[in-house]
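The values are calculated or read from the model by the stated rules, or taken from the named source; none is laboratory data. In this text the structure is predicted, and so the values were computed from the model without any measurement. Every residue, glycine as well, gets a Cβ built from its backbone with ideal geometry; the counts of neighbours run over all protein chains shown. Protein only, heavy atoms only, side chains kept; ligands, DNA and RNA dropped before computing areas. Shrake-Rupley method; radii C 1.70, N 1.55, O 1.52, S 1.80 Å.
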Amino acid sequence: DAKTTQPNSMESNEEEPVHLPCNHSTISGTDYIHWYRQLPSQGPEYVIHGLTSNVNNRMASLAIAEDRKSSTLILHRATLRDAAVYYCIPTPNSGGSNYKLTFGKGTLLTVNP
Amino acid sequence: NAGVMQNPRHLVRRRGQEARLRCSPMKGHSHVYWYRQLPEEGLKFMVYLQKENIIDESGMPKERFSAEFPKEGPSILRIQQVVRGDSAAYFCASSPGPFSYNEQFFGPGTRLTVL
């Protein structure tokens, strides 16, 4: 599995954009990059995923570096509800265990009102 | 469409008792995964099941733990003779397919406390 490095914590103000970085320099050429988040006392929640191109959905945007060794999750306008631990998870696109999500320590995002 | 349901949400057991955790996947999902989150640690994969089959139990302790996903009814994670170290949050997830591009939908978890 590709190793990931994320900041332990980040802080943002409400209504401002947040850029959450993730380094995954050992990623395989065919691994997807998934982002999940876990709100306090809840189960993880899917945020977004991508392979090579930048991706947008209603929750966030995912910017993937051209060499795929890093990616950035972008929350365009943080709300108090976005306070959570964010996990960056490279996931094999093939092979026997491509269903297995490997959660690291993630980034704890605090949103100030 | 109801999400993944888990019950009970909180479970207290004394050492040596059995714990049964239930998971009902989202409608139409036949792939179920169990993860465990020990205090102050990240989530760890335990087991992956399809209907009536265990596909991968590589993350599950060899002794005392078992999982099933019968043709009818919820998936069950069973822990026999619980010990204090089993205290954790247990999360179930489901997906429509097993591949990496499939989003996994997680339930709210069962928080097990062993006294």
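Hey, can you tell me all the residues within the stretch B:88-115 that are of a type outside the set (A, V, I, L, M, F, W, C), within 22 Å of A:Leu101 (Cβ to Cβ) and more than 9 Å from chain A (Cβ to nearest Cβ)? Walk me through it before giving the result.
Quick first cut of the stretch B:88-115, residues of a type outside the set (A, V, I, L, M, F, W, C) only: B:90, B:94-98, B:100-104, B:107-111, B:113.
Then keep just the ones that are within 22 Å of A:Leu101 (Cβ to Cβ); that gives B:90, B:94-98, B:100-104, B:107-111.
Within the stretch B:88-115, B:Tyr90, B:Ser94, B:Pro96, B:Thr110 qualify.
Just one of (1) free of Cβ contacts under 8 Å to residues at least 24 places away in the same chain; (2) more than 23 Å from B:Pro98 (Cβ to Cβ) fails for A:Thr26. It is (1). Kindly indicate the residue of the stretch A:84-113 that is in contact with an Asp or Glu (Cβ under 6 Å, 6 or more places away or on another chain) and away from every other protein chain (no Cβ under 12 Å) and also most open to solvent (accessible area, probe 1.4 Å) among those meeting that condition. Result: A:Pro113.
So for the stretch A:70-83 (the condition being farther than 17 Å from A:Gln42 by Cβ, over 12 Å from the mean Cα position of the chain (by Cα) and open to solvent by 50 Å² or more (accessible area, probe 1.4 Å)), does at least one residue qualify? Yes, there is a match, as at least one residue in the stretch A:70-83 is farther than 17 Å from A:Gln42 by Cβ, over 12 Å from the mean Cα position of the chain (by Cα) and open to solvent by 50 Å² or more (accessible area, probe 1.4 Å). Within the stretch A:2-41, the set of residues being over 30 Å from B:Arg9 (Cβ atoms), within 11 Å of chain B (Cβ to nearest Cβ) and assigned to a strand (DSSP E or B) comprises A:Tyr32, A:Ile33. Please enumerate the residues belonging to the stretch B:10-43 that are under 18 Å from B:Arg78 (Cβ atoms) and within 13 Å of the chain's Cα centre (by Cα). If the condition is that a residue be under 18 Å from B:Arg78 (Cβ atoms) and within 13 Å of the chain's Cα centre (by Cα), then B:Ala19, B:Arg20, B:Leu21, B:Arg22, B:Cys23, B:Ser24, B:Pro25, B:Val32, B:Tyr33, B:Trp34, B:Tyr35, B:Arg36 are the ones that fit.
Just checking: which of the strands (runs of 3 or more DSSP E) contained wholly in the stretch B:9-115 hold 3 or more residues that are open to solvent by less than 40 Å² (accessible area, probe 1.4 Å)? Please lay out each step first, then the result.
Details: elements: B:10-13, B:19-24, B:31-37, B:43-50, B:53-56, B:65-68, B:75-79, B:88-95, B:110-114.
Passing ranges, in order: B:19-24, B:31-37, B:43-50, B:75-79, B:88-95, B:110-114.
Looking only at the stretch B:63-74, decide whether some residue is at pLDDT 95 or above, in contact with a helix residue (DSSP H, G or I) (Cβ under 9 Å, 6 or more places away or on another chain) and over 15 Å from B:Ser30 (Cβ atoms). Within the stretch B:63-74, one or more residues are at pLDDT 95 or above, in contact with a helix residue (DSSP H, G or I) (Cβ under 9 Å, 6 or more places away or on another chain) and over 15 Å from B:Ser30 (Cβ atoms).
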